[in-house]
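Reviewing the structure listed below.
The values are calculated or read from the model by the stated rules, or taken from the named source; none is laboratory data. A quick note: this is a predicted structure, and the numbers were derived from the prediction, not measured. Backbone-built Cβ (ideal geometry, glycine too); neighbour counts: all protein chains shown.
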Amino acid sequence: MKGKKKWYDYLWVVSLTYLILGFFNILFAWLGLLCFFIPLIIAVANGSKAYCNKYCGRGQLFSLIGGNFGLSRKKDIPKWMKSSYFRYGFLIFFFVMFFLMLWNTYLVFAGTKTLGKAVTLLWTFKLPWHWAYHGTLFSDGVAQFAFGFYSVMLTSTVLGFVTMVLFKPRSWCVYCPMGTMTQLICKAKNRGTSDK
Amino acid sequence: MPKRNAIVTVQECVACGCCVKVCPKNAISIYKGTYAEINKSLCVGCRKCAKECPASVITMEVVKE
């Protein structure tokens, strides 16, 4: 619906701030958990994708840069990228990498591994990130999780940015693991009530 | 010009809600977080949703009168 902008139309500011804060103090990365739990809670409790539809700051950011600023070719996304195979496959891949990150965090908590002050981009490239490390709270594991989680957030932003440029502004939404997951939850919750 | 309506390929819709945001007639809603639903009596066939849809699953069909 077009019309007066609501408060939640400005949540892209929050997403942008989150990315910037990670350059100053990595512990801010913990705030990103909100982007994981809020959509899931809404989907489970309410059976809707209100998070994607209204509140997703990242989506708004892509729509602003790709749409309003025109940094997008606005071409159709390739067919395979919107297929269930790719969407569910990417969701599983994302989960596996996420659990590897959690395992890594556990090892640092347990003291078997030392804290790696790096951000891993695209699950491969280790970027030195020690300048955003100013000590930790409670345990080195807390910082390790922050580095790991920020890696996830930065990687997905980079992927989303690339597909924004190549295809439509919010192409990320097509294969966003959170979006796929919340849609699956909604489908399961509303099974049998669909009119199509 | 024949009247046109937007139609959604429901199986491929990711329910992101991009179409809802651009519809000038408030004719689209996300049905229970699963797919976009178009209110055909409100749709004027402006194609804004089809252009916006990141999955390109909205097409226009000619309405037979």
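Against the conditions (1) within 17 Å of the chain's Cα centre (by Cα); (2) under 19 Å from A:A146 (Cβ atoms), A:Q60 satisfies every one except (2). Output the residue which, of all residues in segment B:26-65 that are free of Cβ contacts under 8 Å to residues at least 24 places away in the same chain, within 9 Å of the chain's Cα centre (by Cα) and in a loop (DSSP other than H, G, I, E, B), is farthest from A:K168 (Cα to Cα). Here the residue is B:N39. Residues in segment A:149-171 that are buried (at least 20 other Cβ atoms within 10 Å of the Cβ) and within 14 Å of chain B (Cβ to nearest Cβ): A:G160, A:T163, A:M164, A:F167, A:K168, A:P169, A:R170, A:S171.
Of the helices (runs of 4 or more DSSP H) entirely within segment A:1-83, those holding at least 2 residues that are in contact with a helix residue (DSSP H, G or I) (Cβ under 9 Å, 6 or more places away or on another chain) and under 23 Å from A:C186 (Cβ atoms) occupy A:33-46, A:57-62.
Which one of A:L127, A:L115 is touching a helix residue (DSSP H, G or I) at 6+ places or on another chain (Cβ under 7 Å), over 30 Å from A:K75 (Cα atoms) and not in a helix (DSSP H, G or I)? After ruling out the rest, the residue left standing is A:L115. The criterion of being at negative phi and in a loop (DSSP other than H, G, I, E, B) holds for A:T136. Being in contact with a helix residue (DSSP H, G or I) (Cβ under 6 Å, 6 or more places away or on another chain), facing another protein chain (nearest Cβ under 9 Å) and farther than 19 Å from A:K75 by Cα is a property that does not hold for B:G17. The residues of segment A:22-53 that are aliphatic (A, V, I, L, M) and either touching a Ser or Thr at 6+ places or on another chain (Cβ under 6 Å) or crowded, with 17+ Cβ neighbours inside 10 Å (or both), listed by number, are A:I26, A:L27, A:A29, A:I42, A:A43, A:A50. Scanning segment A:145-196 for residues that are of a type in the set (D, E) and modelled with pLDDT of 95 or more returns no hits.
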